[in-house]
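First comes the structure, then the notes that go with it.
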Amino acid sequence: MVLVAASAASCSRGPASQADPVSVPMVLPLRVPGRPAFDVRHQRRQGIASLSVPALDVRTEARAAVGQRMFFDASLGGDGRIACVRCHHAETAGAGPAQTLADVGHLDVPPLLNLHAYERFGTDGAAKELAVYMGAHLAQLSAGADLAARDLAIDTTHGGRLRLLFATADGEAAVPVSTMASRALAAYVDSLVAPGRVDAFLAGKDDALTDKESHGFDVFFERGCVSCHDGPAFGGRKMATLGLVRPWPGDAPLGEHIPWSPKRSRRVSSLRSVAVTAPYFHEGAIDSLPTAVSLMAEHQLGVTLTPEDRDAIVSFLLALNAPSPASFRAP
Ligand code: HEC
Ligand code: HEC
């Protein structure tokens, strides 16, 4: 417990968290006189909500269905340069090899499952709503393209369905077809939720994880990983400075009070799909999960993990993986 509190303190010392305070779900071992101490693992599990599959209303479901058609349309936008499947591969939870994008540079393509549990989108964490992120992402992917031709191509293939969906929606009938497209794509991506064994474990089913995996869950808490990788997606909610405690390889040493730097401050990745999303980190620089885990402990927490602790964490992280929902394939 002390370790969780200590890492939480180190987390909130970072420059990024001054701009954006890190709130840590504090789980203190309470002791009621005359009763045994609370079951610490039980309390920890209660501190993390299970993933819940959102119940879609009829309108959102219809939008998600059109979003699914667009997602798997390999020629989306006419020349296919914005086609989601070109970069986001369904067989690896939506992740794919790094790509160069206008303005943001060479970035690993992130997974697209469980974004419903995120609070920030994109590795810079700037967008707090998925539909807003999708609008910006479409523009980014179309940089330098003929936008009128792109919209005409979207309109020709998907315009009929989109217009039908948006015609009766208050205030949305007049939005451009590209906005309708980004909203439908956001509805679709938001619907891709993949609960797994860990959710049964969080809900109280002790044997849903093996002994090694549940030990890994404990180490993940005790070492303080959870101070950043929190919430149902084990990430996707906070910003954190890379190299918070020890400078990241290749980075100049971080002073205590350097101004908030968007380059070093990154949205904390979700760990739900790490089993299938190698290579790791926003530039895809690290191929091995055990190495990624040791680097995180070293640079984000100032902790050198024993091989046993590292392996326990890795087996817990691998247990976070779950089959993609049936809708994550071409309709
Ligand atoms: C050229 C490759 C490429 C294409 C095409 C592409 N993406 Fe992406 N996508 C990326 C990269 C790279 C990122 C990470 C960008 C960043 O973090 O700033 C990303 C990020 C995202 C995110 C944010 C995920 C997160 O972790 O917050 C979503 C959502 C997304 N893409 C959906 C889509 C959809 C839907 C399409 C189809 C319209 C699409 N993308 C097309 C490369 C691509
Ligand atoms: C101070 C905050 C912080 C702490 C503590 C922290 N992480 Fe991270 N973690 C991050 C951030 C930020 C990223 C995204 C890095 C990037 O985009 O390059 C990340 C990324 C990762 C990744 C790569 C995910 C991917 O798909 O690329 C793994 C694996 C990981 N962390 C595991 C851990 C483990 C295990 C611990 C505990 C030993 C831990 N982290 C502690 C902030 C933190």
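The values are calculated or read from the model by the stated rules, or taken from the named source; none is laboratory data. Computed from a predicted structure; not experimentally measured. All Cβ positions, glycine included, derive from the backbone under ideal geometry; neighbour counts span all protein chains shown. Keep in mind that these areas ignore ligands, DNA and RNA; they rest on the heavy atoms of the full protein, side chains included. Shrake-Rupley method; radii C 1.70, N 1.55, O 1.52, S 1.80 Å.
I'd like to verify a number: residues in segment 278-319 that are at pLDDT 95 or above and aromatic (F, W, Y), how many?
1
When only residues in segment 151-164 that are open to solvent by less than 20 Å² (accessible area, probe 1.4 Å) and touching a residue at least 60 places away in the same chain (Cβ under 8 Å) count, which is farthest from ligand 2 (Cβ to nearest atom)?
L162
Given R45, R63, which one is part of a helix (DSSP H, G or I), over 24 Å from A322 (Cα atoms) and in contact with a helix residue (DSSP H, G or I) (Cβ under 8 Å, 6 or more places away or on another chain)?
R63
Quick one: which residue in G216, G235, G204 is part of a helix (DSSP H, G or I), under 30 Å from H42 (Cα atoms) and in contact (Cβ under 8 Å) with a residue 24 or more places away in the chain? Break it down into steps so the answer makes sense when it comes.
Details: G235 fails: part of a helix (DSSP H, G or I); G204 fails: part of a helix (DSSP H, G or I).
Answer to the selection: G216.
Between a residue in segment 49-69 that is under 20 Å from D155 (Cα atoms) and any residue that is polar (S, T, N, Q), which pairs come within a Cβ distance under 7 Å, given they are 6 or more apart or on different chains?
A64/S191; Q68/S327
Checking the conditions here, which among A148, A131, A117, A102 is open to solvent by 60 Å² or more (accessible area, probe 1.4 Å) and away from ligand 2 (no atom under 13 Å from the Cβ)? It would help to see each step written out before you state the result.
Numbers: A131 fails: open to solvent by 60 Å² or more (accessible area, probe 1.4 Å); A117 fails: open to solvent by 60 Å² or more (accessible area, probe 1.4 Å); A102 fails: open to solvent by 60 Å² or more (accessible area, probe 1.4 Å).
Result: A148 is the single residue among A148, A131, A117, A102 that is open to solvent by 60 Å² or more (accessible area, probe 1.4 Å) and away from ligand 2 (no atom under 13 Å from the Cβ).
Determine if segment 182-204 includes at least one residue that is away from ligand 1 (no atom under 16 Å from the Cβ) and open to solvent by less than 10 Å² (accessible area, probe 1.4 Å). Don't jump to the end; show me each part of the working.
Applying the first criterion (away from ligand 1 (no atom under 16 Å from the Cβ)) to segment 182-204 yields 195-204.
From the residues that got through so far, the ones that are open to solvent by less than 10 Å² (accessible area, probe 1.4 Å) too are 198, 201.
Looking through segment 182-204, at least one residue is away from ligand 1 (no atom under 16 Å from the Cβ) and open to solvent by less than 10 Å² (accessible area, probe 1.4 Å).
How many of the residues making up segment 85-124 are part of a loop (DSSP other than H, G, I, E, B), touching a residue at least 40 places away in the same chain (Cβ under 8 Å) and within 8 Å of ligand 1 (Cβ to nearest atom)?
Keep residues of segment 85-124 that are part of a loop (DSSP other than H, G, I, E, B), which gives 88-89, 93-95, 102-104, 110-114, 118-120, 122-124.
Checking which are touching a residue at least 40 places away in the same chain (Cβ under 8 Å) leaves us with 93-95, 102-103, 110-114, 118-120, 122-124.
Filter once more, so that each one left must be within 8 Å of ligand 1 (Cβ to nearest atom): 94, 110-112, 118, 120, 122-124.
Going through segment 85-124 one residue at a time, the tally reaches 9.
Do you know which residues across segment 276-310 are open to solvent by 40 Å² or more (accessible area, probe 1.4 Å) and more than 9 Å from ligand 2 (Cβ to nearest atom)?
V276, D287, S288, P290, T291, T304, T306, P307, E308, listed by residue number.
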